[in-house]
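Q: Supplied in structure tokens, the structure appears directly below.
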Amino acid sequence: MGRCDDALGDHSDVSVSPRHGRSTSPVDDRRTTCDDATLVELALAQSPLLLAVYDTQLRIRRMDSAVRRLLALGDGDLRGQRLADLLPGNPTVEGITQQLRRVMETGESERHENVARAPGDSRERAWAASISPIKDAAGRVQGILTAGFDISEQYRARERLALLNEASSRIGSTLDVTRTAQELAELAVPDYSDWVSVDLLDSVYHGGDPTPGQPTGPVALRRVAHQAAVAGRPAVVVELGQVETYPQFSPPARCLVTGRPILHRPTDPEMARWVADNPLRAAAAYDHEFHSVMFVPLRARGSILGVAVFARHAHLDPFTQDDLLLAEELGARAAVAIDNARHYTREHAVALTLQRSLLPQRLPVQAAVDVASRYRPAGSELGVGGDWFDVIPLSGARVALVVGDVVGHGVHAAATMGRLRTAVRTLADGELPPEELLTRLDDVVTRLAVEEGLAADATTEDIDATSDIGATCLYAVYDPVSRRCSLARAGHPPPALVTPDGTVTFLDVPAGPPLGLGGLPFEAIELTLPVGSLLVLYTDGLVESRDRDIDDGLHDLCRLLATPAPSLDAACDTVLDGLLPSHPNDDAALLIARTHGLDDSQVVSWELPAEPAVVARSRAQTGDQLAAWGLDELAFTTELVVSELVTNAIRHGRGPIELRLIRTSTLTCEVSDASGGAPHLRRAHAFDEDGRGLLLVAQLTKRWGSRHTADGKTIWAEQSLPPTHPMRDR
């Protein structure tokens with residue numbers, strides 16, 4: 001070994017450098033000089049690098065003490081020995097040997113990073129290593145130099161950053177509270193933690209607001225997610241969906257109260273007391289030797305929503321303060337996503353409640369068709385839409401069938417749907433033909449868009465066809481007396497018709513523009529339907545989605561409708577189950593109607609000349625028909641109504657005149673003439689000879705009205721059947 005000499009001397013005199021013209025004095029500090037061998041030995045012993053030298057046979061020629069300690073090779077002489085012989089079967093040594101051999105063969109340096117636990121180390125570390133050939137002057141490889149550096153801290157810092165980056169894309173992929181919590185658990189296991197559980201306040205789980213203020217006393221939390229590195233280990237103490245009450249002294253409760261993350265070892269008094277309080281928890285902690293646990297509050301927008309628990313037992317390294325900071329950041333990101341999902345859950349529930357309240361609660365009883373309907377709300381983050389359907393009884397035993405779809409989702413779409421459904425019912429009371437009704441409804445949608453724009457401080461010029469309010473609609477009117485059906489649609493999918501022989505076709509109804517564009521015409525078609533036909537109306541959510549083209553959806557709908565079903569309800573279920581998942585991307589409405597026809601036993605009509613003498617004859621014919629129907633109780637009132645309506649037609653209308661009686665669940669009296677003038681009620685004065693007819697009709701009947709026809713107009717009045725009549729409830 002070399003020698004270090006003391007180079008210190010007592011140099012008190014001062015010398016002047018003649019060349020530079022300035023004074024110099026001896027250095028005051030103590031210096032030592034070592035020979036080269038000693039200096040190299042000290043450098044190897046104190047180097048932050050782990051150094052080793054191998055010859056061409058991969059035998060050890062030099063290895064510093066740090067490498068010896070990591071490989072647990074002791075202090076003996078290792079020169080001439082191979083690592084593979086010293087540590088046989090060790091995977092880390094086998095990897096090093098392969099790298100040494102490759103560098104020896106190629107003569108090229110290699111640099112790499114790896115994570116491993118050395119035989120002489122108690123923890124897993126990250127290493128950056130350089131393996132370089134030692135060459136002579138001729139370039140021949142004479143040995144290999146390896147140098148390693150512990151980069152564990154840098155490596156773990158990169159891991160934490162990578163985990164945070166991954167959290168941005170993986171947590172909050174849906175607006176479902178439970179799924180979002182599970183995404184946090186799946187992200188952290190197994191690379192970061194061996195066990196993760198997420199508990200939420202019960203009010204948060206159901207979409208409500210957290211209880212204001214800090215909790216006092218025991219805290220009730222609902223388990224919404226957990227994940228283990230090995231399935232079933234440890235045994236679950238709190239099942240998913242179960243509400244667990246945590247005592248005030250427990251770490252989860254303290255975490256909620258303080259709003260700060262907590263890092264515990266099992267031996268900490270608070271932790272030990274809480275674990276011992278539950279035998280199942282104590283057994284799990286003992287069996288799996290948990291050595292480090294973190295409790296992290298889920299805080300979002302100033303409110304604490306719950307607690308996430310991270311635990312390690314398979315990881316040898318305990319959690320550190322840096323890990324606690326990382327867990328707090330993960331919890332904050334998850335909490336924001338959970339809070340968003342909570343708000344969505346609440347809004348979705350409100351919208352769904354509003355939507356269902358605005359849809360028909362019970363379809364009306366009428367004679368024209370049997371009907372069945374279904375509505376399935378969207379289950380995606382888009383939320384409830386504005387799909388609706390309706391069945392509207394009309395005069396003359398006719399019925400209107402409506403299906404519509406409002407653009408957009410959420411409470412706004414549901415509210416708009418309710419307004420349009422009310423508008424359709426109001427317009428239907430005016431007995432408008434389908435194309436005319438859609439034209440009026442188009443004006444309603446345009447006005448709604450203007451009103452919303454003005455409410456948002458926009459000018460009328462800013463409101464155009466690109467408004468947020470838009471809708472599609474299909475409106476059909478079926479007459480069971482003539483078996484004629486008139487249909488028109490505004491940007492809506494075509495209806496399907498299933499004839500009694502099972503043939504399925506889509507009716508070629510002119511599409512028309514969607515509602516809200518304004519100024520464009522609508523066209524209707526009219527066709528005769530065989531009795532027992534199925535008229536199928538639906539919204540586009542039934543046949544079109546992000547994963548299915550509308551043509552494929554229509555083909556599948558046709559196939560499902562061709563399958564015989566024992567009832568209309570069964571047919572609806574077959575169609576929905578065959579076309580939609582349980583939580584579709586868009587909501588869907590379906591309305592199926594089976595047509596009926598009224599025969600001569602329910603309908604009677606007479607052609608009347610426009611002569612005053614015909615009034616008495618029409619009264620007599622009416623009385624005879626009511627007696628044949630067993631409706632003598634209604635004879636007096638009905639004869640009076642017939643007298644007034646026929647008299648009005650003779651005085652104010654034009655011939656020919658037709659009187660028709662229709663018996664369904666009500667008794668309808670209709671008088672038609674060729675005049676287009678609409679009647680109206682007016683108040684007659686004391687000495688007026690006329691003006692009381694329609695007022696009398698209105699007072700004597702259940703309801704009355706008029707409708708325009710292609711040849712003129714029809715005035716009608718309805719009466720309820722006697723309570724004992726067998727047709728009353730049909």
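The values are calculated or read from the model by the stated rules, or taken from the named source; none is laboratory data. Here the structure is a predicted model, which means the values were calculated and not measured. Positions of Cβ are generated from backbone atoms using ideal geometry, with glycine treated the same way; all protein chains shown enter the neighbour counts. Protein only, heavy atoms only, side chains kept; ligands, DNA and RNA dropped before computing areas. Shrake-Rupley method; radii C 1.70, N 1.55, O 1.52, S 1.80 Å.
Q: Residues that are over 22 Å from residue 482 (Cβ atoms), in contact with an Asp or Glu (Cβ under 8 Å, 6 or more places away or on another chain) and of a type in the set (Lys, Arg): find the strands (runs of 3 or more DSSP E) completely inside segment 351-415 holding 2 or more of those.
A: 369-376
Q: Right, here's the next one. Can you pull out the residues in segment 628-643 that are more than 19 Å from residue 723 (Cβ to Cβ) and open to solvent by 50 Å² or more (accessible area, probe 1.4 Å)?
A: 628
Q: On to the next question. Condition first: in contact with a Gly (Cβ under 7 Å, 6 or more places away or on another chain), more than 21 Å from residue 398 (Cβ to Cβ) and open to solvent by 40 Å² or more (accessible area, probe 1.4 Å). Now tell me which residues in segment 655-676 satisfy that.
A: none
Q: Please verify whether residue 159 is touching a residue at least 12 places away in the same chain (Cβ under 8 Å) and either open to solvent by 50 Å² or more (accessible area, probe 1.4 Å) or in contact with a Phe, Trp or Tyr (Cβ under 7 Å, 6 or more places away or on another chain) (or both), treating the condition exactly as stated.
A: So residue 159 passes the test.
Q: From (1) touching a helix residue (DSSP H, G or I) at 6+ places or on another chain (Cβ under 6 Å); (2) open to solvent by 50 Å² or more (accessible area, probe 1.4 Å), pick out the condition that doesn't hold for residue 412.
A: Answer for residue 412: the failing condition is (1).
Q: Cβ-Cβ below 9 Å, separation at least six or inter-chain, first residue in segment 131-151 and open to solvent by 70 Å² or more (accessible area, probe 1.4 Å) and of a type in the set (Phe, Trp, Tyr), second at pLDDT below 90 and not in a strand (DSSP E or B): which pairs?
A: Pairs found: 149/48; 149/49.
Q: Still on this structure, I have one more. Look at segment 78-96 and say how many of its residues are in a loop (DSSP other than H, G, I, E, B), hydrophobic (A, V, I, L, M, F, W, C) and within 21 Å of residue 114 (Cα to Cα).
A: Summing the residues that are in a loop (DSSP other than H, G, I, E, B), hydrophobic (A, V, I, L, M, F, W, C) and within 21 Å of residue 114 (Cα to Cα) in segment 78-96 gives 1.
Q: Evaluate the following for residue 572: is it closer than 19 Å to residue 391 by Cβ, under 32 Å from the mean Cα position of the chain (by Cα) and open to solvent by less than 70 Å² (accessible area, probe 1.4 Å)?
A: Considered against the rule, which asks whether it is closer than 19 Å to residue 391 by Cβ, under 32 Å from the mean Cα position of the chain (by Cα) and open to solvent by less than 70 Å² (accessible area, probe 1.4 Å), residue 572 comes out as yes.
Q: Mind listing whichever residues of segment 237-273 are assigned to a strand (DSSP E or B), among the aliphatic types (A, V, I, L, M) and surrounded by fewer than 19 Cβ atoms within 10 Å (Cβ to Cβ)?
A: 243
Q: Moving on to the next point. If you check 120, 172, 217, 207, which single one turns out to be at pLDDT below 90, in contact with a His (Cβ under 9 Å, 6 or more places away or on another chain), among the small types (Gly, Ala, Ser) and open to solvent by less than 50 Å² (accessible area, probe 1.4 Å)?
A: Of the residues listed, the single one that is at pLDDT below 90, in contact with a His (Cβ under 9 Å, 6 or more places away or on another chain), among the small types (Gly, Ala, Ser) and open to solvent by less than 50 Å² (accessible area, probe 1.4 Å) is 207.
Q: Let me ask you something else. Select from segment 278-302 the residues that are open to solvent by 40 Å² or more (accessible area, probe 1.4 Å) and at pLDDT 80 or above and list them in ascending order.
A: 291, 299, 301, 302
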